[in-house]
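Since every read-out is calculated from the coordinates, none of them should be taken as a lab result. Since this is a predicted model, take the numbers as computed values, not measurements. Neighbour counts are summed over all protein chains in view; Cβ atoms, including those assigned to glycine, are modelled from backbone coordinates with ideal geometry.
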Amino acid sequence: MSAGSVSSFQLIVEIKGKSKLTCELKRHLSPKTVSSILRSLPLDGNVHFLGQNIVYFETSVNSGVERQRKEFKKGDIAFSPAGGSVCFFLSDVVLTKSMTPIGKITSGFDVLNDVKPGDVMAVSQAVS
């Protein structure tokens, strides 16, 4: 299942018809949530925005809040149990509701600047 190590997993995020970026899920951040997401791959959904700082898409993953926090940095990835959403942070953010940290964007961050609501995001395991 792993491309990398037992604790980090390389994923490809494709904005259908546009471009791709890569990210890494880190099991040590939230073991149960990361495992649930990995078991559910591939995932896809329509892009939504939360304010101007978070791009997300809803999934069928059902996982509670784990090792929650409210502060995230540009490039972080988090899971929000409300709607089973995978969230990508466009800038440093302090939230009013906690989310579960799950990973980090490793390359292609600028792709997210061109994403529009309704675009389709697809996440799959990187082939090693």
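Of note:
- The residues neighbouring V65, those whose beta-carbon lies less than 12 Å from its own, together hold a net charge of +4 under the Lys/Arg +1, Asp/Glu -1 convention.
- Here the Gaussian network model covers the chain, with springs between Cα atoms less than 10 Å apart; of P81, P31, P101, P31 fluctuates the most.
- Peptides ranked, highest mean first, by Cβ atoms within 10 Å: ranges 57-70, 82-95: 82-95, 57-70
- Taking the range 8-125 and dividing mean pair separation by its residue count, relative contact order in percent (alpha carbons under 8 Å, at least six apart): 37
- Think of each Lys and Arg Cβ as +1 and each Asp and Glu Cβ as -1; about the Cα centre, that makes the dipole of the range 8-125 roughly 320 debye.
- Only one of (1) -0.47, -0.54, -0.67; (2) -0.52, -0.59, -0.73; (3) -0.31, -0.38, -0.52 was calculated from the structure for log10 I(q)/I(0) by the Debye sum over Cα atoms at q = 0.11, 0.12, 0.14 Å⁻¹, and its label is (3).
- Theoretical gain in end-to-end length, S7 to Q125 [0.36 nm per residue, Cα-Cα removed]: 41.1 nm
- Positive-end ranking of G118, H48, I102 along the dipole of the chain, with charges on Cβ about the Cα centre, is headed by I102.
- For G103, the residues whose modelled amide H falls within less than 5 Å of its own, excluding neighbours fewer than 5 places apart on the same chain, are K26, I77.
- Using the rule -39500 (n - 2.57) for each DSSP H run of four or more residues, divided by the residues of the chain, the 222 nm mean residue ellipticity is -2500 deg cm²/dmol.
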